[in-house]
1. Report, by residue number, each residue of the stretch 20-53 that is more than 12 Å from residue 213 (Cα to Cα), within 16 Å of ligand 3 (Cβ to nearest atom) and under 19 Å from the mean Cα position of the chain (by Cα).
2. Among the residues of the stretch 204-238, write down those that are modelled with pLDDT under 95 and closer than 14 Å to residue 36 by Cα.
3. Taking the stretch 1-28, which residues are within 14 Å of ligand 1 (Cβ to nearest atom) and surrounded by fewer than 19 Cβ atoms within 10 Å (Cβ to Cβ)?
4. Hey, can you tell me all the residues within the stretch 172-196 that are in contact with a helix residue (DSSP H, G or I) (Cβ under 7 Å, 6 or more places away or on another chain), in contact (Cβ under 8 Å) with a residue 60 or more places away in the chain and part of a loop (DSSP other than H, G, I, E, B)?
5. Please pick out the residue among 225, 200 that is in contact (Cβ under 8 Å) with a residue 12 or more places away in the chain, loosely packed, with under 13 Cβ neighbours inside 10 Å and out of contact with any helix residue (DSSP H, G or I) (no Cβ under 9 Å at 6 or more places or on another chain).
6. Being surrounded by fewer than 16 Cβ atoms within 10 Å (Cβ to Cβ) and within 16 Å of ligand 3 (Cβ to nearest atom) is true for just one of 63, 118. Which residue is that?
7. Restricting to the stretch 106-146, what's the tally of residues that are in contact with a strand residue (DSSP E or B) (Cβ under 8 Å, 6 or more places away or on another chain), touching a residue at least 40 places away in the same chain (Cβ under 8 Å) and outside any strand (DSSP E or B)?
8. State the number of residues belonging to the stretch 3-45 that are more than 18 Å from residue 184 (Cα to Cα) and free of Cβ contacts under 8 Å to residues at least 60 places away in the same chain.
Ligand code: IPE
Ligand code: IPE
Ligand code: MG
């Protein structure tokens with residue numbers, strides 16, 4: 001491995017292609033979601049070992065409520081089941097779980113399982129796994145704006161103190177900017193994922209459907225990232 005091989009601090013993944021993965025195998029969409037979750041579980045372990053500090057995953061968007069009742073309820077039950085089943089595993093691996101997104105219209109039992117995961121893992125010092133669930137990037141910016149307006153109105157901060165950094169700190173979770181954004185399945189769009197955080201992220205769009213996105217695929221993503229020349233508006237480095 002080259003000496004200056006860089007591991008990104010904050011990686012984001014839009015977990016996409018579960019439905020098409022299932023369809024190509026002649027299975028129902030929910031089988032794709034189940035396989036997608038198993039892929040994620042393995043990947044979290046690997047990414048934790050690699051030394052990535054933050055992994056944000058897009059698990060369910062505010063817009064995904066437009067799907068059939070059957071699919072939404074399958075996904076909600078899957079979340080509920082795996083959050084309970086795998087809490088101990090995440091905890092044993094020193095993973096700190098966070099959730100980003102709105103409460104409404106999530107069911108109370110799903111919300112409580114999310115709170116329980118955050119609480120149980122809050123002192124862990126390994127990978128921060130930020131699960132974006134009932135999440136929308138525009139909603140996050142709107143919600144941060146409301147939080148900041150409240151702080152100004154109650155005198156906690158002055159209007160002059162509002163800047164890009166303060167805004168970032170008032171998003172759902174105070175996380176470093178995203179370095180690498182991966183969207184599986186070949187779609188080349190953002191679909192409302194972490195709009196504020198991706199400002200200078202490198203983008204990578206592998207064709208692989210998420211259930212097939214394994215350790216090897218993740219290593220390829222890191223190789224691609226290492227070949228990029230990040231300039232942040234400055235001059236060429238390479
Ligand atoms: C991503 O897979 C998972 C969620 C959005 C919950 P999709 O369900 O979007 O799969 P495709 O895009 O239909 O293949
Ligand atoms: C984005 O994928 C949301 C998640 C992966 C959770 P979608 O499959 O919902 O996005 P579109 O509809 O193709 O843009
Ligand atoms: Mg999709």
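The values are calculated or read from the model by the stated rules, or taken from the named source; none is laboratory data. Keep in mind that what you see is a predicted model, and the values were worked out from it rather than measured. Using ideal geometry, Cβ is built from the backbone for each residue, glycine included, and neighbour counts are taken over all protein chains shown.
1. 32, 33, 34
2. Those that are modelled with pLDDT under 95 and closer than 14 Å to residue 36 by Cα: none in the stretch 204-238.
3. 20, 23, 24, 25, 27, 28
4. Answer for the stretch 172-196, where residues must be in contact with a helix residue (DSSP H, G or I) (Cβ under 7 Å, 6 or more places away or on another chain), in contact (Cβ under 8 Å) with a residue 60 or more places away in the chain and part of a loop (DSSP other than H, G, I, E, B): 172, 192, 193, 194.
5. Within the list 225, 200, the selection yields 200.
6. Criteria check complete, one pass: 63.
7. Counting residues in the stretch 106-146 that are in contact with a strand residue (DSSP E or B) (Cβ under 8 Å, 6 or more places away or on another chain), touching a residue at least 40 places away in the same chain (Cβ under 8 Å) and outside any strand (DSSP E or B) gives 4.
8. Looking only at that region, the number is 6.
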